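Asker: Just passing along the structure, written as structure tokens.
The values are calculated or read from the model by the stated rules, or taken from the named source; none is laboratory data. These numbers come from a predicted model, not from an experiment. Neighbour counts run over all protein chains shown; Cβ positions are idealised from the backbone, glycine included.
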Amino acid sequence: MGINSLETLRNGKVLIEAGNKEDIEILTNDIHEKCGDKPEVIVQTEESQDGNLQRSKDTSTQNVEKTTLAQNPEFNLNKGDINAKFLYVTKRHTRNLVIEVSAQTRRMLIQKKIKLGWIICGLGDYLVTNRCFKCSKFNHRSRECRGTVTCPRCAGNRALKDCSASPEDYKCINCHTFNTHHKDAKVCDNHSALDRNCHSLQAVLGKYRQNTDY
């Protein structure tokens, strides 16, 4: 079974979120079997749950392999199949774990979900582009750049910290350059060059996938 989240409430109760009704029934029966009738189990509807759910932070790069193997026997993973690299937190406060696996393990796990600690995690490729902080273009670093300073937000000749452009004035230098050379296949350039949905960024990531031996 899978537990989505676990939270201790102010009134001393414990709020557990499971993935479906079957998991809730298994958990309820297990609590009664091991603890008797002393702890009261109340199955709440989604509308009656109170408070913000918090993800467990018990999983670290040191124990992720052991935890993954123990909680996901259906994948038949062995010791050494997973190499945890690092954890990072996004601007939306989502914790992400980057792991290194073989091509065979990647093909088996990609787009699947695994139980990890108290949460169920989605899996996907982790791809990072080399983006120049000076000219905002791809595939080189600022110390190697021979271009001019270009704001990633408005494509002006200024640093990002000096930009005051509003969203309607955003211009992606990469998509603008693409449109200059592709008159018949223009794409939207009214966005920041840092936008994860940028056409030019997705094109670069697409080439990375094609050139990676999975």
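Asker: Limited to segment 156-173, what total is found for residues that are within 17 Å of L201 (Cα to Cα) and either in contact with a Cys (Cβ under 7 Å, 6 or more places away or on another chain) or outside the structural domain of Q202 (by TED's automatic domain parsing) (or both)?
Answerer: The qualifying residues number 3.
Asker: Could I ask something else about it? Looking at this structure, is D189 assigned to a loop (DSSP other than H, G, I, E, B), surrounded by 13 or more Cβ atoms within 10 Å (Cβ to Cβ), within 26 Å of the chain's Cα centre (by Cα) and among the charged types (D, E, K, R)?
Answerer: Taking the combined requirement at face value, the residue satisfies it.
Asker: Report the residue count in segment 76-115 for those that are touching a residue at least 12 places away in the same chain (Cβ under 8 Å) and either touching a Lys or Arg at 6+ places or on another chain (Cβ under 9 Å) or hydrophobic (A, V, I, L, M, F, W, C) (or both).
Answerer: So the count comes out to 17.
Asker: Tell me yes or no: at least one residue of segment 52-59 is of a type in the set (A, V, I, L, M, F, W, C), under 20 Å from the mean Cα position of the chain (by Cα), more than 26 Å from R106 (Cα to Cα) and at pLDDT below 75.
Answerer: yes
Asker: Now for a different question. So which of R146, R158 is out of contact with any strand residue (DSSP E or B) (no Cβ under 9 Å at 6 or more places or on another chain), surrounded by 11 or more Cβ atoms within 10 Å (Cβ to Cβ) and modelled with pLDDT of 90 or more?
Answerer: R158
Asker: Could you list, in sequence order, all residues of segment 119-137 that are over 30 Å from N72 (Cβ atoms), crowded, with 17+ Cβ neighbours inside 10 Å and among the hydrophobic types (A, V, I, L, M, F, W, C)? Outline the logic, then answer.
Answerer: Filtering segment 119-137 for residues over 30 Å from N72 (Cβ atoms) gives 129-137.
Still in the list and also crowded, with 17+ Cβ neighbours inside 10 Å: 131-132, 134-137.
If the condition is that a residue be over 30 Å from N72 (Cβ atoms), crowded, with 17+ Cβ neighbours inside 10 Å and among the hydrophobic types (A, V, I, L, M, F, W, C), then C132, C135 are the ones that fit.
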